1. Quickly work out the Gln160-to-Ala114 label distance, labels modelled 7 Å from Cα along the C-beta direction, and quote it in nm with one decimal.
2. Rounded to a whole number, what % of the accessible area of the range 50-128 do carbon and sulfur atoms account for, probe 1.4 Å?
3. Between Tyr81 and Ala50, what length comes free when the chain is fully extended (0.36 nm per residue of separation minus the Cα-Cα distance, one decimal in nm)?
4. Name the residue farthest towards the positive end of the dipole of the range 36-123 from the options Pro79, His53, Ser115, assuming +1 on Cβ of Lys and Arg, -1 on Cβ of Asp and Glu, about the Cα centre.
5. If r is the Cβ-Cβ distance from Asp14 to Met152 and R0 is 35 Å, what FRET efficiency results, to the nearest 0.05?
6. Which far-off residues, 5 or more places away or on another chain, put their amide H under 5 Å from the one on Asp163, with H placed in the peptide plane?
7. Suppose all protein chains stay in the model; what accessible area per residue would a 1.4 Å probe give for the chain, in Å²?
8. What does the charge dipole of the chain about its Cα centre add up to, to the nearest 20 debye, if the Cβ of each Lys and Arg holds +1 and the Cβ of each Asp and Glu holds -1?
Amino acid sequence: MPDSATPPVVMIRDMTDADADAVLAIYAEGIATGHATFEHELPTWERFSASRHKAPRLVAEVGGAVVGWAAFSPVSSRPAYKGVAEHSVYVSAAARGQGVGHLLLSTFLEEAAASGFWMVESRIFPENLASLSLHFACGFRVVGRRKRMGRMTYGPAQGQWRDCILVEWRKRDEAE
């Protein structure tokens, strides 16, 4: 990674199976924070891939190394919701705070809109201020707080109930 005074040159591209190890390593970093997901165990690439839409799936690269990723999970199999998806965006610890997440999420939303998605949602732990800030900067809004949404099953917070902030982004011509 370049030093913090020099913004990194970030390339955003489609995620491929060749990115599996890097994507899962970044996901593992997020799991380890205890503030990114209820997941406690890293999935296999096959399970990760099968649980997400095929496109858009993007990675951010700096100097040829994958430092972030974004992907969708379906919210419903019902036809009425074909343009609604839940997303995940993760940036490696070494690349955080350098604009990688903003470029990655902004590009991801552009591709989502071009692919026919009109609403993108996510649930974010209230303690994850960096993620909330990133989402607000990319045009998301808070639609509610889910109290005691789930219970942590690992780490120091094991057994603890967690709230989630529900955020959404809407395609401009679909916005309220």
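The values are calculated or read from the model by the stated rules, or taken from the named source; none is laboratory data. Everything numeric here is computed off the predicted structure, so don't read it as measured data. Because the Cβ atoms are built from the backbone with ideal geometry, glycine has one as well, and the counts that use them run over all protein chains shown. Note: areas computed on protein heavy atoms with side chains; ligands, DNA, RNA excluded. Shrake-Rupley method; radii C 1.70, N 1.55, O 1.52, S 1.80 Å.
1. Placing both labels 7 Å along Cα→Cβ, they lie 4.1 nm apart.
2. That share works out to 52 percent.
3. Additional length available on full extension: 9.3 nm.
4. Pro79
5. For R0 = 35 Å, the calculated efficiency reads 0.60.
6. For Asp163, the qualifying residues are Arg148, Met149.
7. For the chain, the per-residue accessible area is 54 Å².
8. The calculated dipole for the chain is roughly 740 debye.
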